[in-house]
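Just so you know, all these numbers are worked out from the coordinates, no wet-lab data involved. This one's a predicted model, so the numbers in the text were calculated from it and none came from an experiment. Note that each Cβ is placed from the backbone with ideal geometry, even for glycine, and that neighbours are counted across all protein chains shown.
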Amino acid sequence: MSQLKTLHAQIILRGLTGDPISLSQLISFCALSSSGDFQYAHHLFDSIPHPNRHMYNTLIRASSNGKYSSKAIFLYHKMVRCGIWPNEFTFPFILKACAIRKAYLEGVLVHLHAVKLGCHESHICVQNGLINFYVGCGKIEFARKVFDHIRVRSLVSWNSMIGGYAKMGWWKEAFLLFGGMWDERVEPDGHTFVSLLSVCSRIYDVELGRSVHWYIEINGVFVDVYVQNALLDMYAKCGHLQMAEAVFARMADKNVVSWTSMVSAYAKHGFVELAERIFYQMPVKNVVSWNSMISCYLQNGYYKESLDLFYRMTSFRVVPDETTVVSALSACGQLGDLVAGKKLHDYLRDNSVQPTVTLCNSLVDMYAKCGSSELALDFFRNMPEKNIVSWNIIINALALHGFGYKAIELFQEMEARGIRPDALTFSGLLSACCHCGLVEIGRYYFSKMGHMYKIPYDIEHYACMIDILGRGGLLKETLELVGKMEMKPDVVIWAQQWDEMKKMRKLMKDHFVRKIDAVSSIEVNGCISNFMADDKKHEASNRIYTLLNQLKHHLEFVSDAYGPTAEFIDAGIANVVDGVQVVLELGNWLGLWLCIGKRCARARHSQPLWQIVASHLPTSSSSSTGAFSPNDQRALWSPFHVEAVKDFSGPYSTMVEVDYIREGQKLTDIECLLQNFN
């Protein structure tokens, strides 16, 4: 570029700025050459008082790919306004830009210009451009009309139309058109077979894909790396790993797509070690390769490894894309690692990344799963764009955090904005009613879901409604609803029947059947450790259990200070040894023990704490519904401030903040007890 700038200076010094040929060649080199500079080409173009058609065509062509496609559309409109009509060299590239931008109306206008100028019938490159434009905008029927009106079709025409059908998943039309190629004696090439194999992958039809493979082998078709990658991908997505491995092994020239496809194949079927082996053998990795392995860990529950690989990726100075960050945020949410999640959020801000709605949804989800419901709600409120997924995430999160009324309020706001809820929205809404003991409101929304929105009931919706009725003591209505279910009740439905569940627990105990232990994790100063109920593996377990007993005795001592709920607390003391152990588990007590003198500890559970309290302690006499309520929860947990949270797809969390809320002498007593113990 330095030599080109020197040449440009000579043109100016010699007074040749009015020479269109010199300036056109200069713009062409800057815009189209791999060693050129598009921005400099645009600067040159803007300095010319009256650019000609060749200059416009050059810049439109250079702008038609990727991030500059909107610039191509702008230049086209400017060209027409200046009275310079496009030609057959303009239309293919402006149509390509319209397809990339999904600018359907602008593309139709270009089509009209092509008809007016007679280019739509006389130039095959324009006709192929129109096919690709309509395919890109999802108007496959219009693309077929253009294809049918082409008198002499080129191989590109056939491939464009077959590729369009493949993109839409219309396998019958794609293969019928492939048969039509033979009728017109048009020889298919690699692009044809890539499209056919891709549509087989989309519909997971291995037999159809195998027939394409046989055709290639029998007819001795030249197979390049792109066709081999398509074969590998087809077998992998259709679940035939052995064939995918055979194709991979036969490839003499593997590229990064080949290796990445094999990693994704193993990941999909849960073969993490094999995916790792292929990943670390890759000679060259790109961001998609890293994403595949990170996703592999994430899909198979290796959340820490997923996050560690993300850090390793950044240490190699590989710039993460949106998919990478979404996966990393998901790992943080599953781990409850708020510190790492905030660092990722800071990374986005520091690098001036404009998050898409998908990335924003992932941030809300991460904060919710890490127990920071306020941060999740604040971020949701500040999102510039929201979709149905955004509302579902925050409604479900608030509902399972215990903020049922807030979840209902958000649903009403969602309806007021004209956003139509879906099945997942009502799962969160009914869960909110369940957690707050709102029987009548739950009935109303359950009915509204089916009668107003015509959304079919899933097993989850029945489970929530049965739980609502069961907590309200409406056993007869519960059994009637079970009888009306369109599907067979599963274990979740019957588990709502508390009396039956207690009998089942006794039966399991009598027959020495032990359920799988729930696992909790505790985060203190950024370090995460895993625990289970009755876990004594921690080096400080003896001191922790001593603290547990002292806190139990302190709870007995201060129970009279709880006012209207004293009877509730006193009744619960009889079960406090088992109840507190189930409620808090070892992880919380470790957190309390370690967080003395610190700000807070964060614990995560595979069960919601205040719901577990409801099943182990007596019903509050102050509850109008006869069910355990959030008010009872606050009474039980004073003098601590505890948030019980759960995302609709993730684990539960609690945040125990020792020095946030002070309620007179009660909290001071607890602090003194803990400090003396420490």
What are the ³J(HN,Hα) couplings of the stretch 330-335, residue after residue, when phi is run through the Karplus curve with 6.51, -1.76, 1.60 and θ = phi - 60°? Round to Hz, x for glycine and proline. 5, 5, 4, x, 5, 7
Sequence of Thr260, Thr358 once ranked by neighbouring C-beta atoms within 10 Å, starting from the fewest: Thr358, Thr260
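So for Met262, Met383, fewest C-beta neighbours within 10 Å to most, what's the order?
If I rank by nearby Cβ atoms, fewest first, I get Met383, Met262.
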Based on the Cβ-Cβ distance from Asn549 to Tyr311, what FRET efficiency comes out when R0 is 60 Å, to the nearest 0.05? 0.90
With a 24 Å threshold on alpha-carbon distance, the violating pairs from Lys96/Lys254; Lys454/Lys484; Lys369/Lys484 are Lys96/Lys254; Lys369/Lys484
A correct fewest-to-most ranking of Asp458, Asp337 by other Cβ atoms within 10 Å would be Asp458, Asp337
Residues meeting the amide H criterion for Ile150 (H placed from the backbone, H to H distance under 5 Å, 5 or more places apart or on another chain) are none
Over 24 Å between Cα atoms, which of Lys139/Lys386; Lys78/Lys145; Lys67/Lys116; Lys304/Lys342; Lys237/Lys304 qualify? Lys139/Lys386; Lys78/Lys145; Lys67/Lys116; Lys237/Lys304
